[in-house]
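The values are calculated or read from the model by the stated rules, or taken from the named source; none is laboratory data. Quantities reported herein were computed from a predicted structural model and do not represent experimental measurements. We place every Cβ from the backbone using ideal geometry, glycine too, and count neighbours over all the protein chains shown. Please note that ligands, DNA and RNA were not included when accessible areas were found on the heavy atoms of the full protein model with its side chains. Shrake-Rupley method; radii C 1.70, N 1.55, O 1.52, S 1.80 Å.
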Amino acid sequence: MGCRGGVGLPLLVRRLCFAVLLCAPCLCSLSVAKRTPRPAVKPPPPPPPSQVPAPAPAYPALPVRAVCLGGWLVTEGWILPPLFSGIPNKDLLDGTQVQFKSALRKTYITADQGGGGAVLANRTQASDWETFKLWRINETTFNFRTPGGEFVGIGASDGIIVATATAPTLPETFQIVRCPFDKDRVRIKAANGYFVQAIATGEVIADYGEPTRWSDWDASVFLMTKVGQQLQGEYQLCNGYGTDKATPVLRDHWNTYIVEDDFKFIASSGLTAVRIPVGWWIASDPDPPAPYVGGSLQALDNAFKWAEKYKLGVIIDLHAAPGSQNPWEHSSSRDGTQEWGTTDANIAQTVQVIEFLASRYATSPSLFAVELMNEPLAPRATLDSLTRYYRDGYDAVRRHSPAAYVVMSNRLSSGNATELLQFAGGLRGAVIDVHYYTMFNSMFSNFTVQQNIDFVRTNFSGELAAITTQNGPLTFVEWVAEWKVPNATKEEYQKYAAAQMSVYGQATFGWSYWTVKNANNHWDLEWMIKNGYISLKG
């Protein structure tokens, strides 16, 4: 699934992906005339590739019952919060949004016009222009990014602060010095060695020397406020710890969070496949670009070995694409900025990741499907860039595997759930992936148990039926047995889960539960099965 718990997602949180599976053509019996030989007939030309039936993967049978191994090879802090516990100044990770109010002037530092010009301290109320995103250099040193994408820095020899740089260098580097007895009372030290202050004219200048106290009378003291939801993804973890410290933390996590016994449990519980989210940097293992840590590829190799042993299919899911296809932590966005698909080079790089994964695992009988991308967000990800990538990514999979299904996600917030149907209809083995949740919209806040169940049986069922056509793409549903119903009983959870499995069992490709393990019990399928909330047998 990805980003959750408070992040504003679309009503139905859909991710549409497409698949066409054509039945093998009927083979007509050919009688041979024994007495009157017929002249040789030139055989008809072969059908186009899109109509050639592909051999089915070795296993499992359709429809699959899968579980997502979320939070394993792509970090999501809400799934396992202790991963972040050892990071110094862990409340100031990459992408943290901060506001600075002068303790003396009672005004906020603002990037005028949202960036691209002067930095002032003349606003008594804080909004977008007064909010900056942190780029973390180390635990105390940062760049400040404006809403317009420029970086705050020293613009002149006299220390005047501006926001004009499109990329951070030394003049855009600042140290946040926190008060010993109040960590949100800070001073900001610029690259020239002086502290930033707000002066009476409203200008912001780095020319203040060492203070004598942390009082409100010190012009270099600011009150720092953190706003919005903090990102806790792979980028934040790796850059927060630094490579040296992140390496043992992540390698221990990869070696202990998901192990062979988990695959044994998954298979014995009646599940038939695993969906494994991966990040684009896995294709550069063992030496991925900074700040990422090498070693996740070995974990994925192990997963395939275990899947083969227990006859489970593997759905490789590119959860984090280069440049980030959405602003959430599960795409490994540094600061919530979405840059995927804005250049041809970026698209080509993403195709190379798919090529790497498809070629590496093509010979494994457990390679069941490759999901080309998880949750691209409109309008930043354009339909044109997405279809160009999907065409090239599909071809990359097919160069190595004629059998693996190819999953394509529709753009979130596009307003058109069928925008890829015609495109996917010409591609053999494409799958539409839809994600059905009642967690991320206020309309469900006051729903009763029965209203939630009825919504699944009517709204979700109706939408699934609308995209499940006789000769069209296969359909795949991601879901969870969690809702907004307060103090629900075990029996009520059981009914909700059973209703969803009944409806989503109609998906022609199958369904996948998010996730196999989670700090939140009802998101944790292992906990749900072991505690009798969900049964997949019988």
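Here are the numbers for the structure shown:
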quantity: Residue in the range 472-492 that is in a helix (DSSP H, G or I) and surrounded by 16 or more Cβ atoms within 10 Å (Cβ to Cβ) present; calculated: yes
quantity: Pick from the range 303-341, criterion out of contact with any Asp or Glu (no Cβ under 8 Å at 6 or more places or on another chain) and of a type in the set (S, T, N, Q), ranking: least open to solvent (accessible area, probe 1.4 Å); calculated: SER333
quantity: Selection count, the range 506-530, where residues are over 25 Å from the mean Cα position of the chain (by Cα) and closer than 14 Å to PRO63 by Cβ; calculated: 1
quantity: Test: residue in the range 343-353 that is closer than 23 Å to TYR405 by Cβ and either surrounded by fewer than 18 Cβ atoms within 10 Å (Cβ to Cβ) or at pLDDT below 95 (or both); calculated: yes
quantity: In the range 505-523, the residues that are farther than 23 Å from ASN471 by Cα, surrounded by fewer than 23 Cβ atoms within 10 Å (Cβ to Cβ) and not polar (S, T, N, Q); calculated: LYS517, ALA519, HIS522
quantity: Conditions (1) at positive phi; (2) touching a residue at least 40 places away in the same chain (Cβ under 8 Å): number failed by GLY393; calculated: (1)
quantity: Any hit, the range 140-160, residues being of a type in the set (A, V, I, L, M) and touching a Leu at 6+ places or on another chain (Cβ under 6 Å); calculated: no
quantity: Every residue from the range 302-330 that is under 21 Å from the mean Cα position of the chain (by Cα) and free of Cβ contacts under 8 Å to residues at least 40 places away in the same chain; calculated: GLY323, SER324
quantity: Failed criterion for LYS106 (all others in (1) within 30 Å of the chain's Cα centre (by Cα); (2) of a type in the set (Lys, Arg); (3) on the phi > 0 side of the Ramachandran plot hold); calculated: (1)
quantity: Conditions (1) surrounded by fewer than 24 Cβ atoms within 10 Å (Cβ to Cβ); (2) at pLDDT 95 or above; number of the one not met by LEU367; calculated: (1)
quantity: Residue ID - least open to solvent (accessible area, probe 1.4 Å), chosen from residues in the range 376-391 that are in contact with a helix residue (DSSP H, G or I) (Cβ under 7 Å, 6 or more places away or on another chain) and not hydroxyl-bearing (Ser, Thr, Tyr); calculated: PRO376
quantity: Complete set of residues in the range 85-119 that are hydrophobic (A, V, I, L, M, F, W, C), more than 25 Å from GLU139 (Cα to Cα) and outside any strand (DSSP E or B); calculated: LEU104
quantity: Residues being at pLDDT 50 or above, open to solvent by 50 Å² or more (accessible area, probe 1.4 Å) and not in a loop (DSSP other than H, G, I, E, B) - total across the range 37-84; calculated: 3
quantity: Selection within the range 290-300 - closer than 17 Å to TYR361 by Cα and open to solvent by 30 Å² or more (accessible area, probe 1.4 Å); calculated: GLN298
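Each row is one residue, and each column tells you yes or no for (1) in a loop (DSSP other than H, G, I, E, B); (2) under 17 Å from PRO277 (Cβ atoms); (3) out of contact with any Leu (no Cβ under 7 Å at 6 or more places or on another chain).
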{"position": "TRP340", "(1), (2), (3)": "yes, yes, yes"}
{"position": "VAL351", "(1), (2), (3)": "no, no, yes"}
{"position": "PHE356", "(1), (2), (3)": "no, yes, yes"}
{"position": "VAL370", "(1), (2), (3)": "no, yes, no"}
{"position": "ALA381", "(1), (2), (3)": "yes, no, yes"}
{"position": "TYR394", "(1), (2), (3)": "no, no, no"}
{"position": "ALA417", "(1), (2), (3)": "yes, no, no"}
{"position": "GLN422", "(1), (2), (3)": "no, no, yes"}
